[in-house]
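Here is the structure we will look at, set down as structure tokens.
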Amino acid sequence: MDIALEEAKLAAERGEVPVGAVLVAADGTVLARDGNRTRADSDPTAHAEINVIRRACASLEQERLSGCDLYVTLEPCTMCATAIAHARIARVYYGASDPKSGGVECGARVFEQPQSHHKPEVYAGIAQEEAEGLLKTFFERLR
């Protein structure tokens, strides 16, 4: 989660919402790390989770990430949760909950839907205070 937090801080420095993610193989190898890039890339799908899923799949030359773990500083939204299910990621660890836009334990609860292709193990509240602090500071500065 420390790497994901570093990526969230870098995202904030770029003027992006501070969300960071890291995708780790079963053997502990970091496959990809990134933060939000929606503004930089002019791409509403360039969330941290999507970015690392794309990079890891490209690196492995496959569309499935079975056995991999995803660490992300904020609860994945519905779009990202759906991508996680399609990629067959084994475990998701996230920091802050997202009552407004979350798709895992708040909102849509994607993995609980019968249409979900896969249900990863989910662990919430990892480094929650630091992840929430980054988001609060970012949004306070905007006001």
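The values are calculated or read from the model by the stated rules, or taken from the named source; none is laboratory data. As the structure is a prediction and not an experimental result, all values here were calculated from the model. Using ideal geometry, Cβ is built from the backbone for each residue, glycine included, and neighbour counts are taken over all protein chains shown. SASA here: full protein model, heavy atoms, side chains in, ligands and nucleic acids out. Shrake-Rupley method; radii C 1.70, N 1.55, O 1.52, S 1.80 Å.
Some points to look at:
- Reported count of residues in segment 4-17, each being touching a Phe, Trp or Tyr at 6+ places or on another chain (Cβ under 7 Å) and either assigned to a loop (DSSP other than H, G, I, E, B) or over 20 Å from A87 (Cα atoms) (or both), is 2.
- Candidates in segment 131-143 are the residues that are within 18 Å of Y93 (Cβ to Cβ) and either of a type in the set (A, V, I, L, M, F, W, C) or touching a helix residue (DSSP H, G or I) at 6+ places or on another chain (Cβ under 6 Å) (or both); of these, the one that is least open to solvent (accessible area, probe 1.4 Å) is A131.
- Within segment 91-103, the set of residues being open to solvent by 10 Å² or more (accessible area, probe 1.4 Å) and either of a type in the set (K, R) or closer than 18 Å to A48 by Cβ (or both) comprises R91, Y93, S97, D98, K100, S101.
- Hits in segment 18-34 - residues which are out of contact with any His (no Cβ under 9 Å at 6 or more places or on another chain) and either within 18 Å of A81 (Cβ to Cβ) or part of a strand (DSSP E or B) (or both): G20, V22, L23, V24, V30, L31, A32, R33, D34
- Qualifying residues in segment 75-88 (those that are in contact with a Ser or Thr (Cβ under 8 Å, 6 or more places away or on another chain) and of a type in the set (A, V, I, L, M)) - the one most open to solvent (accessible area, probe 1.4 Å): M79
- Condition met for G107 (at pLDDT below 95 and farther than 14 Å from L135 by Cα): yes
- Residues located in segment 58-71, provided they are more than 11 Å from the chain's Cα centre (by Cα) and crowded, with 18+ Cβ neighbours inside 10 Å: L65, C68
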